[in-house]
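The values are calculated or read from the model by the stated rules, or taken from the named source; none is laboratory data. Being a predicted model, the structure only gives us computed values, none of them experimental. Cβ placement follows ideal geometry from the backbone for every residue including glycine, while neighbour counts extend to all protein chains displayed.
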Amino acid sequence: MRAAKRALSPEERLRQSEAVAARVEQLPQWAEARTVLLYWSMPDEVQTHALADRWLGRKRVLLPCVDGELLRLRQYTGRQCLVEGAQFGIAEPNGVEWTDTEAVDLIVVPGVAFDRAGNRLGRGRGYYDRLLSAVPRAYTVGIGFDFQLVESLPTEPHDRPMDCILCGSQPAIVTR
């Protein structure tokens, strides 16, 4: 997957990112959501910066912040609120921690790979596994590039399948 991500041209990465974001915005669960948790994308991931900016002020947009072994949530209020994260250098909001996990309606989740059963393979540190277990009510949408959708992935008991997976132009995988 790393090699495939590196082989993706910046233009193709942006094209697929925009297509995936548009598909997220067409979901009925997105339309109904008042509070969404996005992620501030790293260069090799589906780009989410424009999605966060586009919905700022129309939805409550949260972003994760790495704190030890956990992801803490903070509200995104615009690019001026972002600071470099201490652990991985990923931009994170610098505001007060958002603790009302019951209010989170939808979570957009990155992944290294996804399979047709709704499973997700992360980067191996378990950040999202722990976060998703703490926010079980939220509708989860895994997003990736076309090549990140594979037939099957190994799973462990603590893994939580995504409710929906959107990868590039592949047909949506909906499990809930």
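Overview of results
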{"item": "Residues of segment 86-125 satisfying the condition of being of a type in the set (D, E, K, R), within 24 Å of GLU156 (Cβ to Cβ), in contact (Cβ under 8 Å) with a residue 24 or more places away in the chain and outside any strand (DSSP E or B)", "result": "ARG116, ARG125"}
{"item": "Unique residue being on the phi < 0 side of the Ramachandran plot and buried (at least 20 other Cβ atoms within 10 Å of the Cβ) when the list is VAL96, VAL150, VAL109, VAL135", "result": "VAL109"}
{"item": "Answer from GLN26, GLN75, GLN16 - the residue that is under 25 Å from VAL174 (Cα atoms) and touching a Gly at 6+ places or on another chain (Cβ under 7 Å)", "result": "GLN16"}
{"item": "ALA52 being in contact with a strand residue (DSSP E or B) (Cβ under 8 Å, 6 or more places away or on another chain) and small (Gly, Ala, Ser)", "result": "yes"}
{"item": "Residue in segment 37-78 that is surrounded by the most Cβ atoms within 10 Å (Cβ to Cβ), counting only those that are in contact (Cβ under 8 Å) with a residue 60 or more places away in the chain and either in contact with a Phe, Trp or Tyr (Cβ under 7 Å, 6 or more places away or on another chain) or under 14 Å from VAL96 (Cα atoms) (or both)", "result": "VAL46"}
{"item": "Yes/no for CYS81 being surrounded by fewer than 19 Cβ atoms within 10 Å (Cβ to Cβ) and either in contact with a strand residue (DSSP E or B) (Cβ under 6 Å, 6 or more places away or on another chain) or charged (D, E, K, R) (or both)", "result": "yes"}
{"item": "Which numbered condition GLU12 fails, given (1) free of Cβ contacts under 8 Å to residues at least 24 places away in the same chain; (2) crowded, with 16+ Cβ neighbours inside 10 Å; (3) not hydroxyl-bearing (Ser, Thr, Tyr)", "result": "(2)"}
{"item": "Unique match (being of a type outside the set (S, T, N, Q), more than 17 Å from the chain's Cα centre (by Cα) and under 23 Å from ARG176 (Cβ atoms)) among GLU97, GLU151", "result": "GLU151"}
{"item": "Per-region count, segment 38-50, residues closer than 16 Å to THR140 by Cβ and part of a helix (DSSP H, G or I)", "result": "0"}
{"item": "One residue from ARG60, ARG74, ARG54 being at pLDDT 95 or above, of a type in the set (D, E, K, R) and assigned to a helix (DSSP H, G or I)", "result": "ARG54"}
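Per-residue answers, yes or no, for (1) modelled with pLDDT of 90 or more; (2) among the β-branched types (Val, Ile, Thr):
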site	(1), (2)
ASN119	yes, no
GLY126	no, no
THR140	yes, yes
GLY144	yes, no
LEU153	yes, no
ASP159	no, no
